[in-house]
Amino acid sequence: MAKYHLHLAHLYGDLLNTYSDVGNIIALQYYAKQMDADIDVKVISIDNDFNPQDFDLALFGGGQDYEQLVVSKDLPNKKAGIDKFINDGKPLLAICGGYQLLGHYYIGADGEKIPGLGILDHYTLSQDNHRFIGDITIKNEESNQEYHGFENHNGRTFLGKGERPLGKVISGNGNNGEDHTEGAIYKNTYCSYFHGPILTRNGEIAKKILLAALEHKYPDADLSSQKALKIKPTF
Ligand code: GLN
């Protein structure tokens, strides 16, 4: 029996789960076990209420434009809850389509404007008959860590106020192919275009997310052994 118990909300997990984004949950559970924690998972989808106090961490995965449009219509029902969750500093991982939907809007491949939550200050434009597809490597300049992944997106995202990139692009396209940024960090919300899924190849990000969740839920706990956890590079 683990000492710590975390509850994860998989936001729209039945609609937004391209390229095995759900593997991020398996990776979180894998590293959580090494931190003496377990994680239970609940999919929160259309018509379910999202009560931020019920959850300690969350995943918002990627999807096709059509599913993003479906989700977009339900977002106003969850906006207050997701806003509180993020601004209280609880950790959320948002990938690709989920990342786009945390921002103001995404112009889909057909030119339709898909409104987002506007909780983070970025916006996402389209590109004509082209997608950014391929391996990508970035470097987080605060931690000096390199992250590796695979990107596949039409959207070109431009960061706004209060957001810093997850990393600087070393190879690949990243947020928009222009400004050499990839992903976003806002409080304990981590956003990225990496599928693959990101956490299986970049355990250091899983560790940051889990520590943030544990520190938030158990402010008086001694988490020194969790902080000392060594993440083995995958290659
Ligand atoms: N539909 C979005 C795009 O093409 C998101 C893609 C994704 O989540 N993989 O940019």
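Things to note:
- In a reduced charge model with +1 at each Lys and Arg Cβ and -1 at each Asp and Glu Cβ, the chain shows a dipole moment near 480 debye about its Cα centre.
- In order along the stretch 186-197, the Karplus-derived 3J(HN,Hα) couplings, from 6.51 cos²θ - 1.76 cosθ + 1.60 at θ = phi - 60°, round to 9, 6, 9, 8, 10, 10, 7, 8, 6, 9, x, x Hz, and Gly and Pro are given as x.
- Extension gain (nm, one decimal) between residue 179 and residue 80, 0.36 nm per residue minus Cα-Cα: 32.5 nm
- For residue 109, the amide hydrogen comes within under 5 Å of no other amide hydrogen, counting only partners 5 or more places away or on other chains and with H modelled in the peptide plane.
- Measuring nothing but how far apart in sequence close Cα pairs (under 8 Å, 6+ apart) lie, relative to its length, the chain scores a relative contact order of 20 percent.
- The dipole here belongs to the stretch 122-204: it is taken about the Cα centre, uses +1 on the Cβ of Lys and Arg and -1 on the Cβ of Asp and Glu, and is about 180 debye.
- In angstrom, the C-alpha Rg and Dmax of the stretch 121-235 are 15.3, 53.
- Distance between the stretch 198-222 and the stretch 103-146 - C-alpha centres, whole angstrom: 24 Å
- Tally of Lys pairs whose C-alpha atoms are under 26 Å apart, taken over the stretch 1-115, 8 or more apart or cross-chain: 18
- Considering helices alone, the calculated mean residue ellipticity of the chain at 222 nm is -8000 deg cm²/dmol, with DSSP H runs of length four and up weighted by -39500 (n - 2.57) and normalised per residue.
- Judged by the mean number of other Cβ atoms found within 10 Å, the most tightly packed of the peptides 41-47, 10-16, 224-230, 90-96 leads the ranking 90-96, 10-16, 41-47, 224-230.
- Shape of the chain, Cα gyration tensor, a/c cut at 1.5: oblate
- Across the stretch 34-142, the mean sequence separation of Cα contacts (distance under 8 Å, 6 or more residues apart), normalised by length, yields a relative contact order of 23 percent.
No value in this document is a laboratory result; all are computed from the given coordinates. Quick caveat, the model's predicted, so the values are computed rather than measured. Virtual Cβ from ideal backbone geometry, glycine too; neighbours counted across all protein chains shown.
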